[in-house]
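K.L.:
Take this structure, written in structure tokens, and hold onto it; I'll ask about it next.
The numbers here are math on the coordinates, done by the rules we state, and not lab data. Here the structure is a predicted model, which means the values were calculated and not measured. Because the Cβ atoms are built from the backbone with ideal geometry, glycine has one as well, and the counts that use them run over all protein chains shown.
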Amino acid sequence: MDIILKQDVYKLGYADDIVRVKDGYARNYLIPQGYAIPATETNKKILAETLKQRAFKLEKIRKEAEFLAGKIEGLTLQIGVKASEKGTIFGSVTNIAVAQALKEQHDIEIDRKKIILSSEHIKELGNYTAQVNVHKDFKVTVNLEVIAE
């Protein structure tokens with residue numbers, strides 16, 4: 001029996017795959033558990049349309065991410081912090097501060113969880129880099145200049 005998987009099934013296939021399994025396995029386990037639906041002509045047409053729409057949406061998101069990555073690539077952000085005379089920062093610079101600096105200085109809003117600093121927390125004045133994961137295909141580098149206020 002041919003079925004369309006609704007979610008990933010270990011050692012069988014991934015979501016939206018059409019696979020052939022034994023009738024009893026499909027009728028008694030996969031379909032009642034909600035892991036699959038029968039691969040009728042109607043369901044195949046629905047699957048094809050869904051995949052086409054999903055591909056269109058993903059391509060649109062990818063193009064927006066590529067544009068944003070082009071805007072961010074190579075930017076230098078100045079982050080002003082309170083520091084001692086020796087150059088040690090009171091507190092630390094985290095990805096939250098980098099996201100705020102991007103918003104304030106370049107009007108680009110990025111989720112803080114997508115920003116990865118070269119070191120976990122920046123605790124001294126100086127120049128650093130951060131990686132911004134705009135999309136799974138686009139990772140850009142931003143230069144950080146941590147200066148005393």
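K.L.:
In nm, to one decimal, how far is the T76 label point from the I147 one, both placed 7 Å along Cα→Cβ?
P.N.:
1.0 nm
K.L.:
A further question follows. Multiply the residue separation of K60 and Y14 by 0.36 nm, subtract the distance between their alpha-carbon atoms, and state the gained length in nm to one decimal.
P.N.:
Extra length available between K60 and Y14 comes to 14.2 nm.
K.L.:
If you take every DSSP beta bridge whose two residues both sit in the stretch 69-148, what share of them, in percent to the nearest 5, is antiparallel?
P.N.:
70 percent
K.L.:
When the chain is fully extended, how far beyond the present Cα-Cα distance does I31 get from H135, taking 0.36 nm per residue of separation?
P.N.:
Between I31 and H135, full extension yields 34.0 nm more.
K.L.:
A further question follows. Of all DSSP beta bridges in the chain, what percent run antiparallel (nearest 5)?
P.N.:
80 percent
K.L.:
Using only helices, what value at 222 nm comes out for the chain when you add -39,500 (n - 2.57) per DSSP H run of length 4 or more and divide by the total residues, to the nearest 500 deg cm²/dmol?
P.N.:
When only DSSP H runs of four or more count, the value is -10500 deg cm²/dmol.
K.L.:
Going through the cross-link list K86/K114; K82/K136; K11/K136; K6/K139; K57/K139; K103/K136, which pairs have a Cα-Cα distance over 29 Å in this structure?
P.N.:
K86/K114; K82/K136; K6/K139
K.L.:
Could you work out the relative contact order of the stretch 2-64? I mean the mean sequence separation of Cα pairs under 8 Å and 6+ apart, divided by the number of residues, in percent.
P.N.:
31 percent
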